[in-house]
Amino acid sequence: MTDFDQIAAQRPTDIDEALLCMQKALDYYHQHNDYRAVFLRAYYLITLDVHAAIHQAGDYQKQIFFDPPWLGRLAGKFSTLYFVSLDTFKREADTEVAWKMAHTQAREKQGTVLQDLLLGLNAHINYDLAYGIYLNLKEHGDDKNHLQLPRRKFDHDQINNILVRCIPKIQDTLTRDYGGALALVGRLLGRVDDQLGEAGLKYYRERVWWNAVSYLTTESEREQSLVRDRLNWESTRIAKIVADRHGFWSCLLRVVAGMTRKRHFGHIEIEQVGDSTYGRLTSQWRLSPF
């Protein structure tokens, strides 16, 4: 089994294991100058903030979730789906298309930092997330209590606010380590950038919730495949728009972003999960130099 096979075989069960698995994957990506690092780095930053919120650490000194352990288990399932996606090319060509497009463009260094980020976010949110939520709802028996689903929806919506808080941090970090001028674009657009990002995240995550409920109502594998096929079609459509190379503005963006993208990452020190800042996870992981 190769190092990459070992990365793809990881199956974290909770948020602490998820962060450790992401660190190992980032270490591999940076050693191999693999552009798939861009999305995973953003995902890791978000998961760090969710971890802090679960443990009421760092900027999250007050409880914001009804059931923090439920979110911790969901984070494990959600990240597992990411690692499953790394083997997507072993499955049918017409399945998980958004992931195939995201991994292909990043692996073959075809796009910009922004495209790598958005393609990963699209596949992970619009294809994976509803199924991850469904699995967590089923595991906890939430379909048996009609009052439990609104409680889970509240915690799901709280994650929206964490994502919005993470946008500037993601822009700064990705620009510093991978180039692409995301931070500059964010500063030029100012509040417009924040508002567009917030509106987009909330819109798609609202759709995700109801797709998870659709999974929950299915009575057979055939019915589950109907939901999965719909998400495959919708996420593929968005991926094609993001990956477009032929429009005037798309070409202009690719030229500008391409000029500022780092071709080699060099040494990158990943953000740490400290015992006093981010809760009980104590791993200290330093990425290897390229």
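The values are calculated or read from the model by the stated rules, or taken from the named source; none is laboratory data. These numbers were taken from a predicted model, which means no experiment stands behind them. Ideal geometry is used to build each Cβ from the backbone, glycine not excepted, and the neighbour counts take in all protein chains shown.
Here is a yes/no grid of residues against (1) closer than 20 Å to ILE170 by Cβ; (2) touching a residue at least 40 places away in the same chain (Cβ under 8 Å); (3) more than 12 Å from the chain's Cα centre (by Cα); (4) crowded, with 23+ Cβ neighbours inside 10 Å:
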| residue | (1), (2), (3), (4) |
| --- | --- |
| TYR82 | yes, yes, no, yes |
| ALA93 | no, no, yes, no |
| VAL97 | no, yes, yes, no |
| GLY120 | yes, yes, no, yes |
| ALA123 | yes, yes, no, yes |
| ILE133 | no, yes, yes, yes |
* To do: Could you tell me whether any residue of segment 61-76 is among the β-branched types (Val, Ile, Thr), crowded, with 22+ Cβ neighbours inside 10 Å and more than 30 Å from MET101 (Cβ to Cβ)?
  => no
* Structure fact -> Given the conditions (1) touching a Lys or Arg at 6+ places or on another chain (Cβ under 8 Å); (2) closer than 24 Å to PHE4 by Cβ, every one holds for ALA75 apart from (1)
* **Any hit, segment 106-117, residues being of a type in the set (A, V, I, L, M) and within 13 Å of the chain's Cα centre (by Cα)** => yes
* To do: Please enumerate the residues belonging to segment 138-155 that are part of a helix (DSSP H, G or I), surrounded by fewer than 21 Cβ atoms within 10 Å (Cβ to Cβ) and not acidic (Asp, Glu).
  => LYS138, LYS144, GLN148, LEU149, PRO150, ARG151, LYS153, PHE154
* Asked: In the list GLN158, GLN105, GLN110, which residue meets the criterion of being surrounded by fewer than 24 Cβ atoms within 10 Å (Cβ to Cβ), assigned to a loop (DSSP other than H, G, I, E, B) and among the polar types (S, T, N, Q)?
  -> GLN110
* To do: Only residues in segment 219-235 that are under 13 Å from GLU96 (Cα atoms) count as the first member; pair them with residues that are acidic (Asp, Glu) and part of a loop (DSSP other than H, G, I, E, B), Cβ under 7 angstrom, at least 6 apart or cross-chain, and list the lot.
  => ASN232/GLU96
* State yes or no: is GLY132 at positive phi and of a type outside the set (A, V, I, L, M, F, W, C)? => no
* Is it true that ALA9 is in contact with a Gly (Cβ under 7 Å, 6 or more places away or on another chain) and surrounded by fewer than 24 Cβ atoms within 10 Å (Cβ to Cβ)? -> no
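Residue by residue, here is whether (1) in contact with a Phe, Trp or Tyr (Cβ under 7 Å, 6 or more places away or on another chain); (2) farther than 24 Å from LEU226 by Cα holds:
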{"residue": "GLY120", "(1), (2)": "yes, no"}
{"residue": "LEU129", "(1), (2)": "yes, no"}
{"residue": "GLY141", "(1), (2)": "no, no"}
{"residue": "ASP155", "(1), (2)": "yes, yes"}
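Quick grid of which residues meet (1) over 23 Å from ASN122 (Cβ atoms); (2) at pLDDT 55 or above; (3) surrounded by 15 or more Cβ atoms within 10 Å (Cβ to Cβ):
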| position | (1), (2), (3) |
| --- | --- |
| ARG230 | no, yes, no |
| HIS246 | no, yes, no |
| VAL273 | yes, yes, yes |
| SER276 | yes, no, no |
